[in-house]
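Asks: One structure follows; several queries about it will come next.
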Amino acid sequence: MMALLLKDLALLKQQKQFFLVMAGLVVFYSFFASGAVFTFAIVYMGIMMGMFTLSTISYDEYNNGAVFLFTLPISRREYVLEKYMFAAIMSAGSTVAATAVCLGVGYAKEIFTNGTDVVEFLAGSIGGALVTVCLMLSLMIPLQLKFGAEKSRIVWIGALLGIAAVVFGGAKLMQLLNVDVGGLINGAEQASAATVTVVLAVLLVGMVLVSCRVSMGIMEKKEF
């Protein structure tokens with residue numbers, strides 16, 4: 001698996017100009033903006049670096065490269081695990097780096113005046129990046145493995161429309177059943193931060209594990 005990680009890191013070096021531009025944007029945002037824009041810069045950096053995992057899958061399949069790749073002593077399950085591991089490393093590393101830059105600039109510009117400001121900023125930026133990356137990659141990696149780069153984008157749009165339809169339909173159903181949605185929201189807001197964090201973490205871990213298992217099933221049946 002280490003060899004697969006090194007391979008993907010080597011592919012990363014070929015895109016260094018793009019990632020230098022991304023890093024420059026984060027620095028630009030941090031110096032000339034504040035508050036919510038800080039959070040946007042961090043979340044955006046985490047998403048873009050995590051989504052590079054999809055590019056490595058495309059590179060692997062280019063010119064029947066996967067046919068050669070699986071002649072090496074690696075299993076398809078290891079291949080899938082490496083993709084999720086690579087996505088976690090890229091997303092976590094870029095999020096931490098971008099957060100450090102924004103924190104440094106925030107202290108220099110005296111945007112953060114007390115510990116509460118820092119805690120709220122860290123919770124919003126890192127939490128937002130984690131949730132967004134997990135949601136996107138948990139859907140996109142299985143789709144990419146199943147349909148390829150081009151078709152997966154179309155299926156991704158369809159999946160988003162389906163999710164929107166389910167949310168809208170669920171809201172309408174609750175209205176018909178006279179469910180107190182406002183009360184549910186208030187109850188969630190009154191829950192402790194620790195409770196919300198634990199519940200969210202369990203849901204995200206479960207979603208990633210299900211996604212990984214689905215991806216393994218796709219790879220086991222895939223023909224090259």
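The values are calculated or read from the model by the stated rules, or taken from the named source; none is laboratory data. From a predicted model like this one, the values you see are computed outputs, not experimental measurements. Please note: Cβ atoms are built from the backbone with ideal geometry, for glycine as well, and neighbour counts cover all protein chains shown.
Asks: Given the criteria at pLDDT 80 or above and at negative phi, does Tyr29 qualify? Working first, answer last.
Replies: Numbers: at pLDDT 80 or above: no; at negative phi: yes.
Criteria not met by Tyr29.
Asks: Among residues belonging to the stretch 32-73 that are among the polar types (S, T, N, Q) and modelled with pLDDT of 75 or more, point out the one that is farthest from the chain's Cα centre (by Cα).
Replies: Step one: of the stretch 32-73, the residues among the polar types (S, T, N, Q) are 34, 39, 53, 55-56, 58, 63-64, 71.
Next, only the ones that are modelled with pLDDT of 75 or more stay: 53, 55-56, 58, 63-64, 71.
Working: Thr53: 10, Ser55: 14, Thr56: 15, Ser58: 18, Asn63: 28, Asn64: 27, Thr71: 30 Å.
Residue satisfying both the conditions and the ranking: Thr71.
Asks: Do any residues in the stretch 120-145 that are at positive phi have Cβ atoms under 9 Å from those of residues that are of a type outside the set (A, V, I, L, M, F, W, C) and surrounded by 18 or more Cβ atoms within 10 Å (Cβ to Cβ), where the two are at least six apart or on different chains, and which pairs are they?
Replies: Cβ pairs passing all conditions: none.
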